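Single-structure report; data block below.
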Amino acid sequence: MIAALLFAAAVTLPKPAPPANLKTPPADAQTSADGLISKQVQAGAAGEHPGDADFVHVRYAVWKGSDGSVIDYTRTNIPTFVDISKLLPGMRKMFGQMTPGEKRRAWIPASLGGGRIGEGETFVVDGELVDIVHPPTTPADVAAPPPDATKTASGLAYKILAPGVGTVHPRKRDKVLVNYSGWTVDGKMFDSSIIKGEPTELPLDLVIPGWVEGIQLMTEGERVRFWIPQKLAYKGEAGMPAGMLVFDVELIKIR
């Protein structure tokens, strides 16, 4: 569903009007021990709740409780994709209570504003949880290639996780459609197409050397784990992941 939405034409939305109960939560709203007040507006369709490590597609609007001015909102019909851990503490707790398809209104006090809500002020949030995207699991062998990994003369190591089909391999100047996730050797994920909700198309001659070599070994449908030494990755470039990098790559299509 989300992939289809991402390819749909975006429609710009107007600023939302504040709700009628902006300053006065209804009597049947739930109040948590830390001061968050919320009320379910529409029930969700599933029983799963997002965790602190998850990513979510959401629609939302945020108003200042004192005057109804708009703080932020989803500006198009396409849901916003966010790391739930990056939200204001009150919004994180609100969405953490929700299931996909649910709509909820929350009144967030300054104590749950992460420093962005002034003392004595309240943010009022309308939120819709569209879906939950779980990050890929960190591989158990992320720290070093296992004994059964294949090593090339360049220092690249790889292991086939699932075989592909056919015998055609990408060439250096091809474009490839891939799903991938990348980790540093301490298990920290630094990038993933999985959490973005759609595969990525890449020109093979413009990626890091370890990818250029490794993906040319693959066939369509194949999934491979690569251990790429720094000399075949970002070579110590400032602002980029350092050291050996581990990638799980699925080659979906050769363009």
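Let me spell it out: the conditions are (1) assigned to a loop (DSSP other than H, G, I, E, B); (2) open to solvent by less than 60 Å² (accessible area, probe 1.4 Å); (3) polar (S, T, N, Q), and residue 179 meets all of them except one. Which number is the exception?
Evaluating residue 179 over (1) assigned to a loop (DSSP other than H, G, I, E, B); (2) open to solvent by less than 60 Å² (accessible area, probe 1.4 Å); (3) polar (S, T, N, Q) leaves (1) as the failure.
Could you tell me how many of the residues in region 192-233 are open to solvent by 40 Å² or more (accessible area, probe 1.4 Å), farther than 13 Å from residue 169 by Cα, in contact with a Ser or Thr (Cβ under 9 Å, 6 or more places away or on another chain) and part of a helix (DSSP H, G or I)?
The qualifying residues number 2.
Looking at region 23-56, which of the residues that are touching a residue at least 12 places away in the same chain (Cβ under 8 Å), open to solvent by 90 Å² or more (accessible area, probe 1.4 Å) and among the hydrophobic types (A, V, I, L, M, F, W, C) is nearest to residue 134 (Cα to Cα)?
45
Determine if region 147-154 includes at least one residue that is more than 18 Å from residue 58 (Cβ to Cβ) and modelled with pLDDT under 95.
Within region 147-154 (the criterion being more than 18 Å from residue 58 (Cβ to Cβ) and modelled with pLDDT under 95), the answer is no, since none of the residues qualifies.
Among the residues in region 4-27, are any in a strand (DSSP E or B), of a type outside the set (A, V, I, L, M, F, W, C) and touching an Asp or Glu at 6+ places or on another chain (Cβ under 8 Å)?
Among the residues of region 4-27, not one is in a strand (DSSP E or B), of a type outside the set (A, V, I, L, M, F, W, C) and touching an Asp or Glu at 6+ places or on another chain (Cβ under 8 Å), which makes the answer no.
Out of region 36-55, which residues are outside any loop (DSSP other than H, G, I, E, B) and either of a type in the set (Asp, Glu) or modelled with pLDDT of 95 or more (or both)?
The answer is 37, 38, 39, 40, 41, 42.
All but one of (1) under 23 Å from the mean Cα position of the chain (by Cα); (2) modelled with pLDDT of 95 or more; (3) more than 17 Å from residue 37 (Cβ to Cβ) hold for residue 81; which doesn't?
Checking residue 81 against (1) under 23 Å from the mean Cα position of the chain (by Cα); (2) modelled with pLDDT of 95 or more; (3) more than 17 Å from residue 37 (Cβ to Cβ), the one that fails is (2).
Residue by residue through region 170-191, note down the ones that are of a type in the set (Gly, Ala, Ser), in contact (Cβ under 8 Å) with a residue 60 or more places away in the chain and in contact with a Ser or Thr (Cβ under 6 Å, 6 or more places away or on another chain).
Once the filter is applied, which keeps residues that are of a type in the set (Gly, Ala, Ser), in contact (Cβ under 8 Å) with a residue 60 or more places away in the chain and in contact with a Ser or Thr (Cβ under 6 Å, 6 or more places away or on another chain), region 170-191 yields only 181.
Considering only residues of region 245-255 that are more than 18 Å from residue 173 (Cβ to Cβ) and open to solvent by 50 Å² or more (accessible area, probe 1.4 Å), which is nearest to the chain's Cα centre (by Cα)?
250
Looking at 158, 73, which one is touching a residue at least 24 places away in the same chain (Cβ under 8 Å), open to solvent by 20 Å² or more (accessible area, probe 1.4 Å) and closer than 30 Å to residue 24 by Cα?
Answer to the selection: 73.
Among the candidates 120, 101, which residue alone is without any contact (Cβ under 8 Å) to a residue 60 or more places away in the chain, open to solvent by less than 40 Å² (accessible area, probe 1.4 Å) and not aromatic (Phe, Trp, Tyr)?
None of the others qualify; the one that does is 101.
Of the residues that make up region 59-68, is at least one without any contact (Cβ under 8 Å) to a residue 40 or more places away in the chain and surrounded by fewer than 16 Cβ atoms within 10 Å (Cβ to Cβ)?
yes
The values are calculated or read from the model by the stated rules, or taken from the named source; none is laboratory data. Treat the numbers as computed from the prediction; the structure is a model and nothing was measured. Neighbour counts run over all protein chains shown; Cβ positions are idealised from the backbone, glycine included. The accessibility values were calculated without ligands, DNA or RNA, using every heavy atom of the protein model including side chains. Shrake-Rupley method; radii C 1.70, N 1.55, O 1.52, S 1.80 Å.
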